[in-house]
Amino acid sequence: MSTREPRPSPESSALISAHGLRKSYGRTEALRGASLELREGEILAVAGASGSGKSTLLHCLSGIVRPDEGVVTYGGEQLGLLPEGRLGELRRSDFGVVFQFGQLIPELTALDNVAMPLLLAGMRRGPAQQQAGEWLERFGVRGQAELRPGEMSGGQSQRVALARALVTGPRVVFADEPTGALDTLAGEQVMTALVHTARESATAVLLITHDAQVAAYADREVVMSDGVLRSGSDDVVGQEAARREG
Amino acid sequence: MSTRHVLLGLLAAGPCHGYDLKRQYDARFPQARPLAYGQVYTTLQRLVRDGLAAVDGTDSDGGPERTLYRSTDEGSRELALWTDQITAPAPFVTNEIFAKVVVSILVAAAGAPTGPDGRKPDAAAHLRAQRAAHMERMRELTALKTAPGADLSTVLSADYALAHLDADVRWMTTTTARIDTLTAEVNAA
Ligand SMILES: Nc1ncnc2c1ncn2[C@@H]1O[C@H](COP(=O)(O)OP(=O)(O)O)[C@@H](O)[C@H]1O
Ligand SMILES: [Mg+2]
């Protein structure tokens with residue numbers, strides 16, 4: 001009955017793998033041995049209570065924060081061993097990040113915010129703005145192109161931030177609660193656009209959300225609890241029972 | 001769901017025979033159990049008996065003869081009464097998941113080893129596995145409603161099922177957190 005694209009099989013190669021990540025802030029252990037794999041083109045939801053370490057995980061996977069312990073591998077390269085320059089380059093060319101809080105440049109319009117990564121990559125202003133406009137359209141915020149972040153609603157800013165994360169055609173998008181400020185229908189529009197884009201270009205997505213209806217757009221879900229990740233299928237006994245009864 | 005009112009509603013569009021009513025019903029309520037032919041015909045006979053529907057001749061279409069039914073004025077009034085009436089929120093919401101979790105906690109608290117391999121019931125593990133099963137179903141429903149060309153009744157019924165599964169998942173999340181707190185308290189004592 002499912003009309004989804006076939007899910008990547010377990011054998012398909014891992015784009016990002018993290019093993020035994022630990023990260024403390026003072027006496028707070030945000031990550032306590034988190035491991036996960038994100039496969040090529042896979043949409044993976046990360047759920048979990050607030051304060052469980054989801055954002056910290058995203059920061060470690062995207063090379064923004066260095067874990068205290070553990071290894072993050074991207075396309076065969078260990079992020080921890082890369083020189084700062086190469087890491088910055090990866091972040092610009094291969095990663096798109098949507099942060100949970102404040103991320104757009106307040107002085108720039110929505111259009112210029114989205115065009116910025118293209119300008120940084122050396123594209124000329126005209127084509128960059130043209131492409132930026134198309135991405136705003138996709139996420140239903142073309143009408144806000146000339147507004148600055150302070151003049152937009154939380155939900156509009158989130159959509160602009162998603163457009164900015166995707167504009168460079170990254171191989172992986174990290175999105176931290178990208179629908180947190182949206183109502184159900186607006187969230188649905190954003191998720192449909194995000195999933196469509198990801199499928200079309202085989203972009204992998206790490207989607208942090210506490211909303212099960214949003215997580216249901218992903219291929220798979222893992223749950224963060226006290227700095228450790230689990231997948232529901234770890235509890236195999238219950239799974240088999242559910243299948244027998246179903 | 002009140003099958004008789006739904007059938008009356010379908011008849012509001014014009015005379016129809018039982019087979020077509022069944023088909024329309026299954027298409028409008030894709031998440032519901034398909035309606036059995038037997039049930040369609042018993043319901044139609046009762047509607048006729050109660051004066052809410054009437055036989056409107058037959059149509060054969062080259063094949064076997066089929067009885068056509070139509071709604072009566074009385075039927076339209078009955079239908080309006082039904083659609084206008086606010087449905088009472090269920091006074092008790094209970095289901096199997098809830099019962100299993102409560103019993104698991106009770107059995108664990110009683111300290112009795114159970115299960116064929118002597119495993120103790122583990123409410124938290126059960127909730128994680130149940131969440132995974134719910135999420136799997138929610139992914140299917142999401143795929144269904146976002147498929148190109150999904151019609152409105154598919155979208156609405158998928159939305160309805162998703163909202164209810166989502167409510168279950170929320171309850172499971174809260175319960176998992178409560179069990180963690182409880183366990184931490186027991187272990188600290
Ligand atoms: N930069 C930071 N400085 C201090 N503590 C932090 C920082 N980032 C996160 N934490 C703490 O680490 C824990 C996990 O936070 P976070 O990863 O943001 O969780 P989540 O995104 O799941 O809500 C929390 O207790 C939080 O207060
Ligand atoms: Mg967070």
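Data table
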{"quantity": "Prolate/oblate/rounded label for the stretch B:43-108 (Cα gyration tensor, a/c 1.5)", "calculated": "oblate"}
{"quantity": "Buried accessible area, chains A and B (both chains, 1.4 Å probe, Å² to nearest 100)", "calculated": "2100"}
{"quantity": "Carbon and sulfur %, accessible surface of chain A computed with the full protein complex present, 1.4 Å", "calculated": "50"}
{"quantity": "Exposure rule at most 10 other beta-carbon atoms within 10 Å, DSSP loop GluC sites (Glu not before Pro): chain A longest free segment", "calculated": "A:147-246"}
{"quantity": "Rounded to 10°, Cα long-axis angle of helix B:18-28 versus longest principal axis of chain B", "calculated": "40"}
{"quantity": "Relative contact order [Cα under 8 Å, 6+ residues apart], chain A, whole percent", "calculated": "27"}
{"quantity": "Hydrodynamic radius of the stretch B:1-41 per Kirkwood, over alpha carbon pairs, in Å", "calculated": "10.2"}
{"quantity": "The stretch A:21-74 - accessible surface per residue (Å², probe 1.4 Å)", "calculated": "41"}
{"quantity": "B:Asp56 - accessible surface, heavy atoms, 1.4 Å probe, Å² rounded to 10", "calculated": "60"}
{"quantity": "Candidates A:Gly96, A:Gly150, A:Gly48: whichever shows maximal mean-square fluctuation once chain A is modelled as a Gaussian network with Cα springs under 10 Å", "calculated": "A:Gly150"}
{"quantity": "Heavy-atom accessible surface of the stretch B:3-84: percent carbon and sulfur, 1.4 Å", "calculated": "49"}
{"quantity": "Chain A: translational diffusion in µm²/s, Stokes-Einstein, Kirkwood Rh over Cα pairs, 37 °C, 0.692 mPa s", "calculated": "175"}
{"quantity": "Cα-derived Rg over Rh, computed across the stretch B:3-84 with Rh taken as Kirkwood radius", "calculated": "0.96"}
{"quantity": "Residue-normalised accessible area of the stretch B:3-84, given per residue in Å² at a 1.4 Å probe", "calculated": "59"}
{"quantity": "Chain B - Rg and Dmax from Cα coordinates, angstrom", "calculated": "23.9, 80"}
{"quantity": "Estimated FRET transfer efficiency when R0 is 25 angstrom, pair A:His19-A:Gln100 (beta carbons, to 0.05)", "calculated": "0.55"}
{"quantity": "Scattering profile of the stretch A:47-119 at q = 0.18, 0.23, 0.27 Å⁻¹ [log10 I(q)/I(0), Debye over alpha-carbon scatterers]", "calculated": "-0.86, -1.12, -1.26"}
{"quantity": "Size descriptor, Kirkwood hydrodynamic radius, that averages inverse alpha-carbon separations across the stretch A:62-177, Å", "calculated": "14.9"}
{"quantity": "10 Å-binned pair-distance histogram of the protein assembly as shown (Cα, whole percent)", "calculated": "4, 17, 23, 21, 16, 11, 6, 2, 0"}
{"quantity": "With at most 12 other Cβ atoms within 10 Å, longest stretch of chain A clear of loop trypsin sites (Lys or Arg not before Pro) (DSSP)", "calculated": "A:125-246"}
{"quantity": "DSSP beta bridge pairing in the protein assembly as shown, given as percent antiparallel to the nearest 5", "calculated": "60"}
{"quantity": "GluC sites (Glu not before Pro) restricted to DSSP loop in the stretch B:37-80 with at most 16 other C-beta within 10 Å", "calculated": "B:Glu65"}
{"quantity": "10 Å Cβ neighbours from other chains, averaged over peptide A:203-215", "calculated": "3"}
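The values are calculated or read from the model by the stated rules, or taken from the named source; none is laboratory data. In this text the structure is predicted, and so the values were computed from the model without any measurement. Virtual Cβ from ideal backbone geometry, glycine too; neighbours counted across all protein chains shown. Side chains included, ligands, DNA and RNA excluded: accessible areas come from the protein's heavy atoms. Shrake-Rupley method; radii C 1.70, N 1.55, O 1.52, S 1.80 Å.
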